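Each remark here refers to the structure printed beneath this line.
Throughout, read-outs are computed from the coordinates displayed, never taken from laboratory work. For clarity, every value in this text was computed on a predicted model and none was experimentally measured. Using ideal geometry, Cβ is built from the backbone for each residue, glycine included, and neighbour counts are taken over all protein chains shown.
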Amino acid sequence: MRRYIWAFAILSLSSGRPIYSQSSNDAHVAAYLGFDRNTYPGDANLKALRQTFSYTGYWLNNPPSEHTNTWTGHRAAVESAGFGFLVLFNAGHVALRWWALRAGWTHGVRVAVALRQPLLQRATVVSGPAMAFVVGAALPLAAQYLSSGFVGWSRVALAGVAAGGFALLWTLRARLTGVRLGLALLALATLAGWLWP
């Protein structure tokens, strides 16, 4: 959004040039003119803006209706141009996060209470073995699909390597993990493919 929001302040936030206003008793009251913009105006424009304004709003997080904060990383340039700062923070983000935290806590407690219900506890007793059965039924189907590229004796060799891998995992389960065995078999397959004419 490229619109300007003009702000006027009575207190000085910088050592800028005051603009004097005439009062009824001829006393001079210093006022400092500033600006606030959702998008950073650019380093090249700061000098021209400083001729009119004494301070600027500086966004610490994403301004309203913006997905990014273009002010990030430009503090030194704004300060070297002689601007004072009016630090801005979009509190709507904080309110939204607070609401989300409260809603999550409320519904999370309800889920924890619901999991203690006897019906759901009985369902977990039944669903554990059911999931194990489904995985056990899927293993032969996955093995058949993955071995479809092998024909003849190579399919028997693949079954032998798989059985040997399971036997190694079972006997050396304290020192050998599935990842280590898989990496060793991958290295062996790479070596066989390199040596195979």
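Here are the numbers:
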quantity	calculated
Euclidean distance between Cα centres, the stretch 88-141 to the stretch 49-68, Å	42 Å
Zone residues, the stretch 34-73, relative to residue 93, backbone N less than 19 Å from point 7 Å out along Cα-to-Cβ	36-41, 57-73
Computed label-point distance, nm, for sites residue 66 and residue 137 using a 7 Å Cα→Cβ extension	5.7 nm
